[in-house]
1. Of the residues that make up the range A:253-274, is at least one surrounded by 13 or more Cβ atoms within 10 Å (Cβ to Cβ), farther than 30 Å from residue A:68 by Cα, of a type in the set (Val, Ile, Thr) and in contact with a helix residue (DSSP H, G or I) (Cβ under 8 Å, 6 or more places away or on another chain)?
2. Cβ contacts < 7 Å: first residue at the interface with chain B (Cβ under 7 Å from one of its Cβ atoms) and touching a residue at least 12 places away in the same chain (Cβ under 8 Å), restricted to the range A:32-60; second residue part of a helix (DSSP H, G or I) and open to solvent by less than 60 Å² (accessible area, probe 1.4 Å), any location; separation 6+ or different chain. Result?
3. Tell me, which residue of the range B:134-165 that is free of Cβ contacts under 8 Å to residues at least 12 places away in the same chain and more than 11 Å from chain A (Cβ to nearest Cβ) is least open to solvent (accessible area, probe 1.4 Å)?
4. For the range B:156-179, name all the residues that are under 24 Å from the mean Cα position of the chain (by Cα), within 14 Å of residue B:131 (Cα to Cα) and among the β-branched types (Val, Ile, Thr).
5. If you take the residues of the range B:6-30 that are in contact (Cβ under 8 Å) with a residue 40 or more places away in the chain and open to solvent by 30 Å² or more (accessible area, probe 1.4 Å), which of them is nearest to residue B:68 (Cα to Cα)?
6. For the range B:4-27, check the following and say yes or no: at least one residue is more than 30 Å from residue B:147 (Cα to Cα), modelled with pLDDT under 95 and facing chain A (nearest Cβ under 9 Å).
7. Would you point out which residue out of A:202, A:254 is of a type in the set (S, T, N, Q) and modelled with pLDDT under 75?
8. Which one of these does residue A:29 not meet: (1) assigned to a helix (DSSP H, G or I); (2) surrounded by 11 or more Cβ atoms within 10 Å (Cβ to Cβ)?
Amino acid sequence: MAENLNPFDTIEAYLRGKLDSNELDKFEQQLNADPNLKNEVEFQQSIQDGLLEVRRLELKQRLNSIKIEPAFEWTIGKIAAGVAMVGLIGLGASYLLKSEDKPVIVAVHHQQVANPVVETEKIKTIAVEPILEKETTIVKVTPKKAKKVLMAKSTTEELAHSVDFQAPVIPMEHGFHHVEKYDEGKTPNGKIEQVGAINISSLTVDVEKSMDKFHYKYFSDKLILVGDFSKGPYELIELNKNQEKNLYLYYDGSFYELHYGTESMDHLVKITQRKLQNELLFKIKK
Amino acid sequence: MAFKISLMNDEEILQRIRKGDERAVDFLYKKHYRMMVNMISKNSGTEEEAKDVYQEALIVFWKKAVTGELVLTSKISTYLYSICQNLWRKELDRKQRLSYEEKDAVTHLDHDRQEKIAIVHRCIGELGETCRKVLTYFYFDEMSMEDIATKLGFANADTAKTKKYKCKVELDKKVKSLFSSVDFFD
């Protein structure tokens, strides 16, 4: 390997422990004989130390920003053919789920979709109230309340009839049932350690009201939307395809792509690809 | 709003970490927080110390897993538990030593090293987010150019490689000029 490397690469490989024993011997001989090389290696060592430290601090900061909430966890099992709905919230909502191979939408409700009625069992809906607040609050919505919210937003009676509401407690029960069934072991403190092949997502959505153009951040478990979302509810659509999950936003007649890992504010970019639009529209109408 | 859905088995977690998905570490952090922090608290640590040690343990775990160094022979929780124990023992030793020695007996060598790291740190900050990510993913996470390209949305591995090279040259230049203005050997 070292034969083909320039000095820059060799030093790098040396410091990263990537030289084999022959290369290492050879390099160390050179190092002892050449003070300039030695200086350069020391210099590069400092740089690498610095880079490692920067990343270590970054990860640490990331962990530090995670709030540990005492015993507030929703456990959701693999729910038969697909999706669960999850409760709803002061701020806008989202949600996720997993189905093994089919695209799945979660958290769908929109009054502007031509036929926003949820018809299949696979998709359940949540009403998303575009209340724009900065504070993140958790509001449990009882079925009754949720219905009220949705009715208020609906223009047709069928919509109200066809929407299936579940209290947040329902997915949780599924979860426990599932856990018992698939539990393979306990952690030292007796908590459930392993469960069957279930994918998870967890996402916190914050909406910050602003008259600016739409922006967003999407990283960790956090999605922050900035803009004027007061024209109606927005929706988050998760497409689960080819083992990849992509998240899209639907608002006011347009779809936007949400790239995971967007840690600084980025513009929401409208999706123009006809095929993807249709796919998303299809999911919504479904 | 915050919903947490906590079902992911060890294998899935490892797979995600190997792909560089930090959310898997967030998940682990939350999942085992109480257990780890309780262990340290019961061994004369404060909650803050416990949290600090647990975070360090997870970073050690992340680095080993993401670089492919880790061969897991037990459950992740058991493994994390033992890292925490080791780190906490070291910390207790260190505290004990400090109580016997002069607290400010930090060697010049340490001091130089810290100062150099601080300079590099500052220069990395000046490079901007993309360079920082490319370089730290390469050196710390030891991600391949393909993975870096995927994670940062570059066209391909070659783009990532070029980017990494340019960023590194830029960083070297910045650091060199600052190092030369600081004399580390007096």
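The values are calculated or read from the model by the stated rules, or taken from the named source; none is laboratory data. Everything numeric here is computed off the predicted structure, so don't read it as measured data. Using ideal geometry, Cβ is built from the backbone for each residue, glycine included, and neighbour counts are taken over all protein chains shown. Note: areas computed on protein heavy atoms with side chains; ligands, DNA, RNA excluded. Shrake-Rupley method; radii C 1.70, N 1.55, O 1.52, S 1.80 Å.
1. yes
2. Once the first residue is at the interface with chain B (Cβ under 7 Å from one of its Cβ atoms) and touching a residue at least 12 places away in the same chain (Cβ under 8 Å) and sits in the range A:32-60, its partners that are part of a helix (DSSP H, G or I) and open to solvent by less than 60 Å² (accessible area, probe 1.4 Å) give A:48/A:15; A:48/B:139.
3. B:149
4. B:169
5. The qualifying residue nearest to residue B:68 (Cα to Cα) is B:18.
6. Of the range B:4-27, the ones more than 30 Å from residue B:147 (Cα to Cα) are none.
No, the range B:4-27 has no match at all.
7. On the way: A:254 fails: modelled with pLDDT under 75.
Of A:202, A:254, the one residue that is of a type in the set (S, T, N, Q) and modelled with pLDDT under 75 is A:202.
8. (2) is the only condition that residue A:29 fails.
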